[in-house]
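Note sheet for the following structure.
Only the coordinates and a few stated rules stand behind these numbers; no lab work does. Treat the numbers as computed from the prediction; the structure is a model and nothing was measured. Cβ: placed from backbone, ideal geometry, glycine included. Neighbour counts: every protein chain shown.
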There are 2 protein chains.
Amino acid sequence: MQESRKAIVLLSGGLDSTTTLAIAKAQGFECYALSFRYGQRHVIELASAAHVAKALGAREHIVADINLRVFGGSALTDNIEVPKQRSTASMNEGVPVTYVPARNTIFLSFGLAWAEVVESSNIFIGVNALDYSGYPDCRPEYIAAFERMADLATKAGVEGHQRLRVHTPLISLSKAEIIRRGTELGVDYAMTSSCYDPEPDGRPCGQCDSCLLRAKGFAEAGLPDPLLQRFMRQT
Amino acid sequence: MQESRKAIVLLSGGLDSTTTLAIAKAQGFECYALSFRYGQRHVIELASAAHVAKALGAREHIVADINLRVFGGSALTDNIEVPKQRSTASMNEGVPVTYVPARNTIFLSFGLAWAEVVESSNIFIGVNALDYSGYPDCRPEYIAAFERMADLATKAGVEGHQRLRVHTPLISLSKAEIIRRGTELGVDYAMTSSCYDPEPDGRPCGQCDSCLLRAKGFAEAGLPDPLLQRFMRQT
């Protein structure tokens with residue numbers, strides 16, 4: 001079997017996964033974008049994901065329905081208050097309250113299923129070990145262990161056709177470096193949604209961890225955030 | 001943190017997973033039974049699972065909705081014909097058509113999420129490497145790789161509280177041995193559903209791989225199948 005140039009790209013519609021899709025495309029992959037409806041309180045990021053998938057020329061975009069809410073356990077799926085106005089230093093202490101149990105494992109498992117069906121051996125995921133080190137399943141050693149497990153789980157692995165590769169192009173980049181790389185590749189970040197607690201029209205709260213990290217990233221990259229500019233123009 | 005005696009038990013409502021739940025209970029675990037509605041063509045096995053969970057005293061039973069049909073790729077989620085009347089020898093050649101891509105990886109990932117929420121470090125799964133060796137994700141080396149990956153994925157693993165253990169009590173048992181073990185533990189197999197293609201009332205087709213393996217198992221165990229007796233009484 002010939003080496004496939006297809007790749008599954010996990011796409012939340014946020015800044016990181018959008019940049020990841022742009023990188024996969026720039027590397028010549030035919031991209032299958034995969035998003036999840038997982039009981040999160042807002043679905044604005046899914047609208048962003050659909051917009052991004054189309055704008056960046058994904059071959060297909062699938063939204064898989066899974067309901068992590070049945071298990072509870074996190075601010076993003078429960079009704080626990082999203083923390084606001086924390087210093088970026090304090091975000092890195094321990095595992096954050098917005099952690100969703102086994103989220104990346106579940107997401108990568110679905111990616112693995114789709115990869116098997118389209119006969120791809122590549123999954124892209126926009127995890128980042130620097131800016132948000134509190135998530136255990138964003139670390140290189142976790143990604144490597146997932147690859148090993150996957151090679152034992154699938155027909156392709158067992159039959160020896162191809163080994164799964166989980167690509168993590170952002171893993172050692174700062175938020176500013178991610179933004180610069182995406183900007184070089186022509187990404188319009190006005191399409192992306194990062195806020196944990198946005199207004200119904202998609203306007204970011206500006207105070208949750210994700211908004212603060214995004215603002216810090218654009219500041220350090222020396223670039224304006226086009227998403228904020230969009231809402232400023234509207235006001 | 002004290003060693004938890006809670007266990008997540010993956011429960012399809014079939015013969016193997018029902019026996020697995022009985023074994024977990026006999027080992028003193030407080031059992032959290034987890035089933036999946038995953039786009040399969042029939043839901044009779046979910047009714048069996050609910051019945052079994054109650055009868056065997058599971059603390060909770062959750063049915064997680066996931067839709068593997070979005071990816072296609074198998075007779076159990078697609079409309080490909082389920083193979084009938086094959087010899088049990090020919091079933092072991094290659095990966096069967098009823099293989100669902102990455103199924104056990106997805107199921108175990110959901111188990112991992114629930115385990116994290118209830119602070120359990122035990123997952124039971126009724127995989128079996130002997131009777132149905134065509135599924136790559138039923139082998140001990142796959143299970144061991146999942147455990148290693150999980151220990152790197154979770155709060156408990158990273159903080160060093162406890163390591164995940166995936167229990168596979170059936171992995172080296174023949175179907176006849178599974179049936180004998182369950183019968184010793186008082187399992188009423190009339191509750192269980194194995195058929196890939198049952199009638200609307202739950203009556204097994206008697207001809208798919210799963211029905212044939214079940215019949216062979218009861219024959220070799222020297223026991224009647226109470227499910228067949230139930231339908232014979234009704235006719």
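What net charge is computed for the residues neighbouring B:L152, neighbours being all others with C-beta under 11 Å from the C-beta of B:L152, Lys and Arg scored +1, Asp and Glu -1? Mind showing how you got there, number by number?
Numbers: positive: A:R139, A:R148, B:R148, B:R163; negative: A:D137, A:E141, B:E147, B:D151.
Net charge in that neighbourhood comes out at 0.
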Shielding by partners - mean other protein chain Cβ count within 10 Å, residues of B:136-147: 5
Mean Cβ count within 10 Å, highest first, over the residues of peptides A:113-125, B:208-220: A:113-125, B:208-220
Whether the stretch B:194-235 is rounded, prolate or oblate, judged on the alpha carbon gyration tensor where a/c under 1.5 counts as rounded: oblate
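Is the stretch B:104-235 rounded, prolate or oblate when judged by the Cα gyration tensor, a ≥ b ≥ c being the square roots of its eigenvalues, rounded requiring a/c under 1.5 and prolate requiring a/b larger than b/c?
prolate
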Prolate/oblate/rounded call for the stretch B:152-204, Cα gyration tensor, a/c under 1.5 rounded: prolate
Hits among lysines - C-alpha to C-alpha of A:K84 under 30 Å, sequence gap 8 or more where chains match: A:K175, A:K216, B:K155
Pair B:R203, A:A190: separation of 7 Å Cα→Cβ label points (nm): 6.5 nm
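Give me the net charge for the shell around B:I179: Cβ to Cβ below 9 angstrom, other residues only, Lys and Arg +1, Asp and Glu -1.
My count for the surroundings of B:I179 gives +1.
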Local electrostatic count at A:V52 - Lys and Arg +1, Asp and Glu -1, tallied over other residues with Cβ under 13 Å: -1
Peptide B:108-119 - average C-beta neighbours from other chains (10 Å radius): 6
Nearby lysines by direct alpha-carbon distance to A:K54 (threshold 19 angstrom, same-chain neighbours under 8 apart not counted): A:K6, A:K25
Within the stretch B:42-60, backbone nitrogen closer than 11 Å to the virtual label 7 Å beyond the Cα of B:N67 toward Cβ: none
